[in-house]
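The structure appears below as structure tokens.
The values are calculated or read from the model by the stated rules, or taken from the named source; none is laboratory data. Keep in mind that this is a model prediction, so the values were computed, not measured. So basically every Cβ, Gly included, is an ideal-geometry build from the backbone, and we count neighbours across all protein chains shown. In case anyone asks, the SASA skips ligands and DNA or RNA and just uses the protein heavy atoms, side chains included. Shrake-Rupley method; radii C 1.70, N 1.55, O 1.52, S 1.80 Å.
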Protein chains: 2
Amino acid sequence: MKTTTPIDVELGPGGIMRKLSSILPPLTPRIVKARLKSTTHVSSKYESLDYDVWVNDLLIKEEQCRSYRQIIEINTLRWFLYFLVGVLTGLVAVFIDWSISFLLTNQMQFLVNNMFQCGQILCIISTYLLWYGSFMISTLIGAFLVVFIEPGAAGSGIPYIISYLNGISIPKFTTMKVLIVKIIGVILIAVAGLASGKEGPFIHIGSIIGAIMTSILKCTRIPALCDKISLINTKQEKRDLMAAGCAAGISAAFGSPVGATLMALEEGTSFWNVLLMRRIFFCAIVSTFTFNTILNLLHDNSGQHYSGLFYFGRFNDKTVTYYYAELPLFLIMGAIGGMFGALFVSCASKVAVFRMRYIKSRLWNFMDALFVAFLTATLSIVAMNLSHNCNDVKCESGYPEYTLQMSCSDGTYSEMSVYWLQGKESILRLMFHSSLDIFHTSTLLTFFVIFFVLFILTAGIKMPVGLFIPSLLIGATWGRLFGLVILQIFPDLPASTPAKYALIGAAAQLGGILRTTISLTVLVVEASGVLIFALPLMFTLFISKWVGDFFNEGIYEAQINVLGLPILPSDPLPLTSDIQAKNLMNTKVIVFPTVVSVSYLIEVLERVKHQGFPVVKETCETKRSACDFQTFGELRGFILRYQLMTLLITKSFTAPESSEDVQKMLAQFRKYEYSSIPVQELKFTEEEKQIAIDLKPYMNPSPYTVQMVMSFPRIFRLLRSLGLRHVIVIDNTNQVIGIITRKDLAKFKLGRHATSMFLKELRIR
Amino acid sequence: MKTTTPIDVELGPGGIMRKLSSILPPLTPRIVKARLKSTTHVSSKYESLDYDVWVNDLLIKEEQCRSYRQIIEINTLRWFLYFLVGVLTGLVAVFIDWSISFLLTNQMQFLVNNMFQCGQILCIISTYLLWYGSFMISTLIGAFLVVFIEPGAAGSGIPYIISYLNGISIPKFTTMKVLIVKIIGVILIAVAGLASGKEGPFIHIGSIIGAIMTSILKCTRIPALCDKISLINTKQEKRDLMAAGCAAGISAAFGSPVGATLMALEEGTSFWNVLLMRRIFFCAIVSTFTFNTILNLLHDNSGQHYSGLFYFGRFNDKTVTYYYAELPLFLIMGAIGGMFGALFVSCASKVAVFRMRYIKSRLWNFMDALFVAFLTATLSIVAMNLSHNCNDVKCESGYPEYTLQMSCSDGTYSEMSVYWLQGKESILRLMFHSSLDIFHTSTLLTFFVIFFVLFILTAGIKMPVGLFIPSLLIGATWGRLFGLVILQIFPDLPASTPAKYALIGAAAQLGGILRTTISLTVLVVEASGVLIFALPLMFTLFISKWVGDFFNEGIYEAQINVLGLPILPSDPLPLTSDIQAKNLMNTKVIVFPTVVSVSYLIEVLERVKHQGFPVVKETCETKRSACDFQTFGELRGFILRYQLMTLLITKSFTAPESSEDVQKMLAQFRKYEYSSIPVQELKFTEEEKQIAIDLKPYMNPSPYTVQMVMSFPRIFRLLRSLGLRHVIVIDNTNQVIGIITRKDLAKFKLGRHATSMFLKELRIR
């Protein structure tokens, strides 16, 4: 290893200096700085959530008045909350399901009855208008609602949920308004017939229900209930309820409580324990059960049916039998799924970056959605007119339900029309169950190409677009195609039907896009009801993930990167032990002495936007410490901005003494935790400004600290495992010398390029 | 709240003092001290594992020489290791399965052909001898092996695995010797026909394979491979491989990779992330796949069969149909399962305590096992002679395979004999699938009572006893009984068969004993292949857990408590914020200055058994700090006993300079990490003893520290989440004042008594 003279390395725009320790040889420059033009960055607009459990004297006093009886009551209430989240999510699923099937049935019926039944020019024009109208009107309303009323309802919302559960504060994305717009948007986009599914957004819907559950219950204004709820109305609780809501959403969408629980674990939650897993599972069961029960009552089916918003249907035995000899074929399909998945992620990211750069105004976003709807309508009608494959197959169950004759002879229908006239779920069921001859290879191929392009364009529009069903549909299409080819080559292969390959293809494609393995296996098994297929599905999904990962990351990770969300992975990056706290820390720390005057508090809070302040023994004069860093005094505790604000707002300048006063004070803190009153609006008399406040009763007397020589992996593990927002850096004598926040760690990313790996440092902007 | 004068509370025999902070009012005495006679305690004989990632200057230097290419190679090697664990576990499962079925078939054939075929006294005596022999001989060999050769192979091993994964060092429980004795023991106990299953111990077998995988590969002596392996041969890696092996074991046992992964998560692992979950899942798939493939080849079944060591068999459609109206029945069964489960746990714990107190010597342990075998043989033959229920039903598949005529007329067989002549798995399959009339209620009732008693006694003998199958069997028995009663009351209930209730009962009983919900649901669903039953199973298992938890804890938790393993739950105990670091910490800290003489090192290491020592700036004189605690100097780092020992053993008194020397030194540290050479055996010249060693390059310069006022929940979260072994307590100026280890936290337990809750402080002994 080369030893050169130590150099100072400017690490980033934050002005953070890297001083190399004298004991250590200088760093070999292994960190690649991301180019300025690069689209991946860490956005500075997202604040972190603090999942650390706050402790101060007041809270301890309050806790000492509590009994274990209250703990039991709170536990019971908690289970009740999870139960309610499950029930509500199930009910919303029923509503969405019913609305879509009602609107879609009527629309399709009307189209089938009125299209191409005539030869006159005027009639043909009206026919075309009808067709375009069916795509455009719903899109128009949906896009209007999302773009102009509530932009938070766009997309599937999953990247934001993952980020929230990871500890990033996402403003205005779990409100009642988002919920309502999202529900309407999901219905409209399904009716519009765009390349989108309703299952992805459903995860967001469930999460919102989880997040606002405590607020809903507070609205009941039952005093006993509200008292209890205020005790558990913490960030941690909201996070856990959101995770459960997320699982309830998936569970209702696919009728798979286990798969949903696993998906919440694999994709979503960053914080996890067994008890939470059980609660999430419970919530997911209740959601599926509610959905099933009501649907069975509505359809007068006297029990035993087991399904979600999207049930794959009952497979016949021939479809789900497989032989060991087929396993290589499944693995090949896994690889194809991985490649198509990586292609999709890559294209979708490019489109997303294009949209971020050039489609900025609301109007353009609105036009963008309309353009995609127009393109979908055009491509579909062109495809229907140009494709001359005709067919007369009807399954026992009456599928395909809606078809057009187009240029086909009487008694037959255009194969291509099948694709555009059913709901996406119906087409999928058709692909999974129908016999050999329902689609010709050319129909499948044409649809695959058109739909893939449409899917890439649709994925980023400002509507509640879901990725699950289109991915499955694309996979099922090439899977059937693959099956037909296999049957051409090996006509004697036993138990071979395109339906089976459609199922494997669908799973492989979805796996290639999402890059999940366990949860997706279980999800597909539960949704299809075919347990025997679990083993080949697992292998297929592993291959599809590995192949996909060779090219790029999964779609949600890609979306998170494009948005610049400062997410922290579960493990620290490798080979980063030589990056130390003193290289990472922010040295512009603002500290308070333990006793501080009101005027100084006001001044500081007006001047800086910091969310937390170390409390130190000395006054605020800074010194040079022995190690050449500026020190800010001996650490005594840590206090948050909202706590100081609450003190100022309520003018509580003396510490509460009696246990009643403590209760009142804590109630104030809880009340103003999320308020955003600016300091400027507070009025104080000159006398008040001279008062000195003792911060000791309010501050956390024992914040987590790190030594200035602590290595990156150890700081990372501390901050990530405990869900901290701030870590204070101290020197050898417990003097504050800096502060490290999430973004200081999140800006380091592991870059990968096929088989090579490197450490990237992203810009914060 | 009462305010009295502060008092000192002696917290435990460790001499730890609780000093109440002057700001705080005194504690209300909410902590209940466990009685001295109480059987629950925290054992002092178990050391903790350190899952913290060690960092020091040498390691940083080494890491700087590594490239990302190595990281990729290591990742690939890691997947390969998990693959090997899966394959090996699968192979062992095949071996055990084949051995048991070979031995059992021959033994049963012999018994059926030779028993009660004669009337003379001599012949009857020989018949009895045969019967007793069949139980006693295998038990004799098995118990001998376990008691006298390798006591580590006793029991299912699951409480120890849970503890190990939680971070407790369990000596001599993952060696090759344990593995071999366990495998033989499992085969023998199954052949002996005791109330035990082979599935539980299989988890231990898988774990051992995981734990010794790296050692096995090292034995190949391929240099390239061994180099790579030494890089990942860490405690964390071993822990993760063990978790994977555990899942592979369950997966092979029940043919359920998903259920196994979930069980490893729900029961086992305390440390978890998505990547690990995927690896565990991969390992579990490989294990099931290996097992299936080889078994299919052996049985000449050309593919598609999907099963584990214990497959529940294919259910007929009538069995697995259910109606909403039946749900209340399932919930009642869940409650019954919970109650019987709690009864079992309570009785088994009492028997375990009895055995700990009175059956201490090896010989008595051996006799104990023989006594249980004798009792099983006696009770079974008495039951067969006294029960006069006869039957002539034979299922299509030829079951029951082995029967005795006893006092029945020709062409019929004694129902009771069915129970004692099949393997436990065959009886279970019979219970799940056979038609109405195969067992009379009186037979079921008699068997239930006898088997329940035998199960309680068998659970604690010194052999590899598994709890899964006996639990399922007991549940299936009362489940069928329940089904027969239901059919008596509601003869017109559609789709009602005792087989269905047997399945629900089996799950409820196992759930009542283990108290797992998600994993057990998936396990039963995967083992039975009946996806449609997932929903009722989930509800049943939740009820069974809740009802069971009302009375006591699950069997593994109970076993852990009886053994006094200092396990840390995933969340800190409630209402403990007023317990602070200064109340918990051990004040008998031994510190070293950064530069220390060899003679002093030797002296200290001889005198104390501490495993870690803070390194401080000053010399070892102690002072009084401002806060009335003895301080030990300004913290500079932390060093482990084995590191000091390595320095002494290798006589490395100067810090390595060149990168080659660093490599050599690190190799030494890795070599001696697990060695146990006593200090006394080391020889030094007088000159050597005068040498001063600089500890800075070897120590961890930034150990995790806590302020003396940090509250219990925050310390707990730090230690538990990061898997630390030691946490150093510092005062306001970064002076060491104490040290907190796992046992200081683990001794606090939440006691529960029906609906009340309290905090217990256990004795450490």
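Only one of the listed residues (B:PHE716, B:PHE712, B:PHE748, B:PHE758) is within 14 Å of chain A (Cβ to nearest Cβ), surrounded by fewer than 16 Cβ atoms within 10 Å (Cβ to Cβ) and not aliphatic (A, V, I, L, M). That residue is B:PHE758.
Does B:SER270 meet the test of being within 17 Å of the chain's Cα centre (by Cα), under 28 Å from A:LEU523 (Cβ atoms) and open to solvent by 10 Å² or more (accessible area, probe 1.4 Å)? Break it down into steps so the answer makes sense when it comes.
On the way: within 17 Å of the chain's Cα centre (by Cα): yes; under 28 Å from A:LEU523 (Cβ atoms): yes; open to solvent by 10 Å² or more (accessible area, probe 1.4 Å): yes.
Against the criterion (within 17 Å of the chain's Cα centre (by Cα), under 28 Å from A:LEU523 (Cβ atoms) and open to solvent by 10 Å² or more (accessible area, probe 1.4 Å)), B:SER270 qualifies.
Among the residues making up the stretch B:570-582, those that are at the interface with chain A (Cβ under 9 Å from one of its Cβ atoms) and farther than 11 Å from A:GLU63 by Cα are B:SER570, B:ASP571, B:PRO572, B:GLN580, B:ALA581.
Within the stretch A:554-571, the set of residues being farther than 16 Å from A:SER349 by Cβ and buried (at least 24 other Cβ atoms within 10 Å of the Cβ) comprises just one member, A:PRO566.
Could you go through the stretch B:275-287 and let me know if any residue there is surrounded by fewer than 18 Cβ atoms within 10 Å (Cβ to Cβ) and farther than 14 Å from B:SER519 by Cα. Yes: one or more hits.
Apart from one condition, B:SER721 fits all of (1) closer than 28 Å to B:LYS238 by Cα; (2) facing another protein chain (nearest Cβ under 9 Å); (3) modelled with pLDDT of 90 or more; the exception is (3). Exactly one of (1) more than 23 Å from A:ILE332 (Cα to Cα); (2) open to solvent by 20 Å² or more (accessible area, probe 1.4 Å); (3) over 25 Å from the mean Cα position of the chain (by Cα) is unmet by A:LEU430. Its number? Status for A:LEU430: all satisfied but (2). If the condition is being among the β-branched types (Val, Ile, Thr) and open to solvent by 80 Å² or more (accessible area, probe 1.4 Å), then the stretch B:316-370 contributes only B:ILE332. Pairing each residue of the stretch A:269-288 that is more than 7 Å from chain B (Cβ to nearest Cβ) with any residue that is part of a loop (DSSP other than H, G, I, E, B) and β-branched (Val, Ile, Thr), provided the two are 6+ apart or on different chains, yields C-beta distances under 9 Å for A:SER270/A:ILE567; A:LEU276/A:THR269; A:ILE280/A:THR269. I'd like to check something: does the stretch B:400-413 contain any residue that is at pLDDT below 90, part of a helix (DSSP H, G or I), assigned by TED's automatic domain parsing to the domain that holds B:VAL345 and on the phi < 0 side of the Ramachandran plot? Checking the stretch B:400-413: not a single residue is at pLDDT below 90, part of a helix (DSSP H, G or I), assigned by TED's automatic domain parsing to the domain that holds B:VAL345 and on the phi < 0 side of the Ramachandran plot. The C-beta contact set for the stretch A:198-209 (first residue crowded, with 24+ Cβ neighbours inside 10 Å, second residue assigned to a helix (DSSP H, G or I) and of a type in the set (Lys, Arg), distance under 8 angstrom, 6+ apart or interchain) comprises A:PRO201/A:LYS182; A:HIS204/A:LYS182; A:ILE205/A:LYS182; A:ILE208/A:LYS182.
Quick one: is A:PRO491 surrounded by 22 or more Cβ atoms within 10 Å (Cβ to Cβ), out of contact with any Phe, Trp or Tyr (no Cβ under 7 Å at 6 or more places or on another chain) and outside any helix (DSSP H, G or I)? Spelling it out, it is not the case that A:PRO491 is surrounded by 22 or more Cβ atoms within 10 Å (Cβ to Cβ), out of contact with any Phe, Trp or Tyr (no Cβ under 7 Å at 6 or more places or on another chain) and outside any helix (DSSP H, G or I).
Somewhere in the stretch A:240-254, is a residue among the charged types (D, E, K, R) and buried (at least 23 other Cβ atoms within 10 Å of the Cβ)? Yes; the residues of the stretch A:240-254 include at least one that is among the charged types (D, E, K, R) and buried (at least 23 other Cβ atoms within 10 Å of the Cβ). Going through (1) touching a residue at least 40 places away in the same chain (Cβ under 8 Å); (2) surrounded by fewer than 24 Cβ atoms within 10 Å (Cβ to Cβ) one by one, A:LYS172 falls short only on (1). For B:PHE202, state whether it is under 25 Å from B:THR516 (Cα atoms) and over 16 Å from the mean Cα position of the chain (by Cα). No, not satisfied. When each of A:PHE451, A:PHE447, A:PHE482 is tested for being under 23 Å from A:ALA143 (Cβ atoms) and at pLDDT 90 or above, the lone residue that passes is A:PHE451. The set of residues in the stretch B:538-566 that are under 27 Å from B:SER169 (Cα atoms), more than 13 Å from chain A (Cβ to nearest Cβ) and touching a Lys or Arg at 6+ places or on another chain (Cβ under 9 Å) comprises B:ASN552, B:GLU553, B:ILE555, B:ASN561, B:GLY564, B:PRO566. If you filter the stretch B:528-553 down to residues that are crowded, with 21+ Cβ neighbours inside 10 Å and polar (S, T, N, Q), you find that the one that is farthest from B:LYS500 (Cα to Cα) is B:SER544.
A quick yes/no check of all residues on (1) more than 23 Å from A:THR594 (Cβ to Cβ); (2) open to solvent by 20 Å² or more (accessible area, probe 1.4 Å); (3) of a type in the set (D, E, K, R):
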site	(1), (2), (3)
A:GLU660	yes, yes, yes
A:GLN663	yes, yes, no
A:LEU666	no, no, no
A:TYR674	yes, yes, no
A:GLU681	yes, yes, yes
A:GLU686	yes, yes, yes
A:TYR698	no, no, no
A:LEU722	yes, no, no
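Pick out the one residue from A:THR458, A:THR441 that is surrounded by fewer than 24 Cβ atoms within 10 Å (Cβ to Cβ) and either touching a residue at least 40 places away in the same chain (Cβ under 8 Å) or touching a strand residue (DSSP E or B) at 6+ places or on another chain (Cβ under 9 Å) (or both).
Numbers: A:THR458 fails: surrounded by fewer than 24 Cβ atoms within 10 Å (Cβ to Cβ).
That would be A:THR441, the only listed residue that is surrounded by fewer than 24 Cβ atoms within 10 Å (Cβ to Cβ) and either touching a residue at least 40 places away in the same chain (Cβ under 8 Å) or touching a strand residue (DSSP E or B) at 6+ places or on another chain (Cβ under 9 Å) (or both).
Checked against the criterion of being open to solvent by less than 10 Å² (accessible area, probe 1.4 Å) and either among the charged types (D, E, K, R) or within 20 Å of the chain's Cα centre (by Cα) (or both), the stretch A:577-600 contains not a single residue that satisfies it. Test each condition in (1) under 30 Å from A:PHE716 (Cβ atoms); (2) surrounded by fewer than 15 Cβ atoms within 10 Å (Cβ to Cβ) for B:GLN109 and report the one that comes out false. In the conditions (1) under 30 Å from A:PHE716 (Cβ atoms); (2) surrounded by fewer than 15 Cβ atoms within 10 Å (Cβ to Cβ), B:GLN109 misses (1) alone. For the stretch B:226-236, the set of residues classified as in contact (Cβ under 8 Å) with a residue 40 or more places away in the chain and either part of a helix (DSSP H, G or I) or within 21 Å of B:GLY90 (Cβ to Cβ) (or both) consists of B:LYS228, B:ILE229, B:SER230, B:LEU231, B:ILE232, B:LYS235, B:GLN236, listed by residue number. Scanning the stretch B:635-657 for residues that are at pLDDT below 90, surrounded by 15 or more Cβ atoms within 10 Å (Cβ to Cβ) and within 14 Å of another protein chain (Cβ to nearest Cβ) turns up B:ALA655, B:PRO656. Within the stretch A:57-106, the set of residues being open to solvent by 40 Å² or more (accessible area, probe 1.4 Å), among the polar types (S, T, N, Q) and either closer than 27 Å to A:ILE180 by Cβ or away from every other protein chain (no Cβ under 14 Å) (or both) comprises A:SER101, A:THR105, A:ASN106.
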